[in-house]
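Inspection log for the structure reproduced underneath, given as structure tokens.
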Amino acid sequence: MEKSILKIGIIGLGTVGTGVVKTLKKFNNIKILKAAVKNINKKRDVSLDYITDDPYEIANDPEINVVVEVAGGVDPCLDVLKTAIKNKKHIVTANKELLAKFGDEIFNLANENNVTVLYEAAVAGGIPIIGPIKTTLRGNEFDKVVGILNGTTNYILTKMETDNLSYADCLKQAQELGYAETDPTNDVEGFDTMFKTAILANIVFHKKIDLSKIYREGITKISIDDIKCAKEFGYKIKLMGIAKKVQNKDVLDIRVHPVLVSEKSMVSGINNATNTVLLEGFPVGEIMFTGPGAGEAPTASSVVGDILAIASEISYTDTVLPYSRVKPQDNAIQQDILETKNSYYIAINAQNARGTIGTIGTICAKNNINLQSIIQKGIKEDNTAQIIVITETSLEADIQNALSEFKNQNIEVTNLIRVI
Ligand code: HSE
């Protein structure tokens with residue numbers, strides 16, 4: 001290669017790819033040789049000398065040093081990136097799904113071929129988090145990494161609360177702002193947060209994470225009523241990724257679901273598409289990274305940072321960025337959600353009848369559940385009562401047993417949200 005010019009190929013020219021091309025314009029040591037897209041005739045914000053619809057043209061081009069993948073999804077990215085790695089190309093990717101599902105295979109192949117795979121943009125958009133965990137925070141033993149990791153859902157929950165807008169309107173806005181994935185199911189059903197949580201847990205705990213053992217729940221069941229009720233109790237609702245060590249055991253509790261967070265907590269102030277990552281470790285203590293978690297410019301910032309990191313070393317060393325390499329790892333032992341302990345918000349819709357609250361209390365007591373608060377919010381026109389229960393810390397298995405008993409008594413639970 002010409003000593004000072006890094007030649008790259010970009011796969012994907014959507015929201016993030018466009019941002020990367022725009023940002024790279026001011027760096028004359030980086031040359032984009034080719035871009036690969038699905039539809040070469042689509043009108044775009046940026047123009048490039050060479051655009052193809054065959055990503056293998058990039059993976060197999062002997063002139064290209066770094067393949068930048070911002071297309072997303074597994075197919076064809078997995079095979080294309082493996083081809084590129086076998087051709088000794090470094091990889092910069094924003095593809096959280098690919099890394100969460102096939103990270104182990106990709107990193108091992110990269111090690112065999114002495115190339116590096118950087119993925120700062122895969123988690124929390126513009127927030128630098130992968131780099132700090134692997135470098136400046138390396139001396140820590142972590143107990144916990146939790147966060148608001150999806151801009152789309154945080155935007156929707158914020159707007160439902162502040163503007164009283166419907167879920168569908170808020171989602172449409174998030175899509176127009178370029179926050180949502182091509183298929184927003186990944187955002188709203190919590191898959192995107194699950195991929196990011198798995199990636200964080202992997203680098204924080206140095207274990208292989210099994211996605212099929214992560215409990216996942218999205219935000220599609222959250223109503224404006226839930227948001228208002230939570231507020232009356234002094235809480236906000238956020239979708240969070242949680243990965244923590246279970247005390248005194250070599251076990252990880254990893255899950256993704258909506259949570260009620262105290263209005264007084266720092267997390268409750270993280271609004272719109274902003275993301276936050278909280279780490280708890282020794283010796284650092286508690287540390288929180290906050291910033292823009294989605295969208296063209298913030299995500300491009302992380303991708304370009306990774307490209308420049310490779311550019312600064314590639315002419316001088318055969319082993320670029322050795323700290324970024326992942327060593328072989330053991331499988332994590334992951335806790336089942338039924339074994340976790342949480343406090344719970346339970347929204348109930350029950351027939352207006354004598355003794356309903358008594359029945360709820362009896363079922364809870366029978367299942368070892370102690371109540372912290374219970375309120376009935378009047379009687380509706382259809383003669384049903386909306387009742388909100390907040391429990392003390394209880395075992396999830398006990399809660400699920402209580403929910404089955406509620407069902408048998410025709411006590412409808414409209415939502416169950418964990419409180420942290
Ligand atoms: N769709 C993602 C989000 C983009 O809303 O956070 C960044 O991964």
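The values are calculated or read from the model by the stated rules, or taken from the named source; none is laboratory data. Since the structure is predicted, the reported quantities are computational estimates derived from the model, not experimental observations. Because the Cβ atoms are built from the backbone with ideal geometry, glycine has one as well, and the counts that use them run over all protein chains shown. Quick note on the areas: whole protein, heavy atoms, side chains included, nothing else; ligands and nucleic acids left out. Shrake-Rupley method; radii C 1.70, N 1.55, O 1.52, S 1.80 Å.
Those residues that are among the polar types (S, T, N, Q), closer than 20 Å to Val145 by Cα and more than 15 Å from the chain's Cα centre (by Cα), I need them from the stretch 197-242; list them, please. So that I can check it myself, show each step before the final result.
Pass one, the stretch 197-242, residues among the polar types (S, T, N, Q): 197, 202, 212, 220, 223.
Filter once more, keeping what is closer than 20 Å to Val145 by Cα: 197, 202, 212.
Listed by number, the list holds a single entry, Ser212.
Would the stretch 220-228 turn up any residue that is surrounded by fewer than 21 Cβ atoms within 10 Å (Cβ to Cβ), free of Cβ contacts under 8 Å to residues at least 60 places away in the same chain and within 16 Å of the ligand (Cβ to nearest atom)?
Yes, that holds for at least one residue.
At least 3 residues that are farther than 29 Å from Tyr215 by Cβ and open to solvent by less than 50 Å² (accessible area, probe 1.4 Å) in each: list the strands (runs of 3 or more DSSP E) lying fully within the stretch 313-392 that qualify. So that I can check it myself, show each step before the final result.
Details: elements: 341-351, 371-379, 384-391.
Of the strands (runs of 3 or more DSSP E) lying wholly inside the stretch 313-392, none has at least 3 residues that are farther than 29 Å from Tyr215 by Cβ and open to solvent by less than 50 Å² (accessible area, probe 1.4 Å).
Which one is farthest from the ligand (Cβ to nearest atom) among residues in the stretch 159-187 that are open to solvent by less than 10 Å² (accessible area, probe 1.4 Å), under 20 Å from the mean Cα position of the chain (by Cα) and in contact (Cβ under 8 Å) with a residue 24 or more places away in the chain?
Of the residues in the stretch 159-187, the ones open to solvent by less than 10 Å² (accessible area, probe 1.4 Å) are 160, 170, 174, 187.
Restricting the remaining residues to those that are under 20 Å from the mean Cα position of the chain (by Cα) gives 170, 174, 187.
The next check asks that each one be in contact (Cβ under 8 Å) with a residue 24 or more places away in the chain; those that pass are 174, 187.
Values: Ala174: 7, Asp187: 5 Å.
Among them, the one singled out is Ala174.
Give the stretch 75-116 a look and list any residue that's open to solvent by 40 Å² or more (accessible area, probe 1.4 Å) and touching a Leu at 6+ places or on another chain (Cβ under 9 Å), or say none.
Lys82, Lys86, Lys101, Phe102, Glu105
Could you list, in sequence order, the residues of the stretch 229-249 that are more than 21 Å from Ile156 (Cα to Cα) and surrounded by 22 or more Cβ atoms within 10 Å (Cβ to Cβ)?
If the condition is that a residue be more than 21 Å from Ile156 (Cα to Cα) and surrounded by 22 or more Cβ atoms within 10 Å (Cβ to Cβ), then Ala243 is the only one that fits.
Looking at the stretch 89-117, which of its residues are within 18 Å of Leu308 (Cα to Cα) and more than 16 Å from the ligand (Cβ to nearest atom)?
Of the stretch 89-117, the ones within 18 Å of Leu308 (Cα to Cα) are 89-94, 115-117.
The answer is Lys89, His90, Ile91, Val115, Thr116, Val117.
Would you check which residues across the stretch 276-308 are within 16 Å of the ligand (Cβ to nearest atom) and among the small types (Gly, Ala, Ser) and list them? Can you show your working first?
The first filter runs over the stretch 276-308 and keeps only residues within 16 Å of the ligand (Cβ to nearest atom), leaving 276-277, 289-306.
Result: Gly291, Gly293, Ala294, Gly295, Ala297, Ala300, Ser301, Ser302, Gly305.
Give me a count of the residues in the stretch 393-405 that are open to solvent by less than 40 Å² (accessible area, probe 1.4 Å) and under 28 Å from the mean Cα position of the chain (by Cα). Walk me through how you get there before you give the answer.
Kept after step one, since they are open to solvent by less than 40 Å² (accessible area, probe 1.4 Å), are these residues of the stretch 393-405: 394, 396-399, 402-403.
Filter once more, keeping what is under 28 Å from the mean Cα position of the chain (by Cα): 394, 396-397, 399.
Total meeting the criteria: 4.
What tally of residues in the stretch 23-72 results from selecting those that are modelled with pLDDT of 95 or more, part of a loop (DSSP other than H, G, I, E, B) and of a type in the set (Asp, Glu)?
Final tally of qualifying residues: 4.
For residues that are touching a strand residue (DSSP E or B) at 6+ places or on another chain (Cβ under 6 Å) and either β-branched (Val, Ile, Thr) or within 16 Å of the ligand (Cβ to nearest atom) (or both), tally how many sit in the stretch 321-339.
So the answer is 1.
Could you list, in sequence order, all residues of the stretch 3-35 that are free of Cβ contacts under 8 Å to residues at least 60 places away in the same chain and within 26 Å of the chain's Cα centre (by Cα)?
Leu13, Gly17, Val21
Of the residues that sit in the stretch 138-158 and are in contact with an Asp or Glu (Cβ under 7 Å, 6 or more places away or on another chain) and open to solvent by 40 Å² or more (accessible area, probe 1.4 Å), which one is farthest from the ligand (Cβ to nearest atom)?
Looking at residues that are in contact with an Asp or Glu (Cβ under 7 Å, 6 or more places away or on another chain) and open to solvent by 40 Å² or more (accessible area, probe 1.4 Å), I get Asp143.
Within the set of pairs 6 or more residues apart or between chains, which connect a residue that is assigned by TED's automatic domain parsing to the domain that holds Asp75 and in contact (Cβ under 8 Å) with a residue 24 or more places away in the chain inside the stretch 45-64 to a residue that is aliphatic (A, V, I, L, M) and open to solvent by 60 Å² or more (accessible area, probe 1.4 Å) with Cβ atoms less than 9 Å apart?
Ile51/Ile40; Glu63/Met1
Might you let me know whether the stretch 77-85 holds any residue that is outside any helix (DSSP H, G or I) and at pLDDT 95 or above? Please lay out each step first, then the result.
Taking the stretch 77-85 as the starting set, the residues that turn out to be outside any helix (DSSP H, G or I) are none.
No; the residues of the stretch 77-85 include none that is outside any helix (DSSP H, G or I) and at pLDDT 95 or above.
Which condition breaks for Gly269 when tested against (1) touching a residue at least 24 places away in the same chain (Cβ under 8 Å); (2) under 21 Å from the mean Cα position of the chain (by Cα)?
Result: Gly269 fails condition (1) only.
Okay, residues lined up against (1) surrounded by fewer than 18 Cβ atoms within 10 Å (Cβ to Cβ); (2) assigned by TED's automatic domain parsing to the domain that holds His90; (3) within 23 Å of Val246 (Cβ to Cβ):
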{"residue": "Leu260", "(1), (2), (3)": "no, no, yes"}
{"residue": "Leu279", "(1), (2), (3)": "no, no, yes"}
{"residue": "Phe282", "(1), (2), (3)": "yes, no, yes"}
{"residue": "Glu286", "(1), (2), (3)": "yes, no, yes"}
{"residue": "Ser301", "(1), (2), (3)": "no, yes, no"}
{"residue": "Ile307", "(1), (2), (3)": "no, yes, no"}
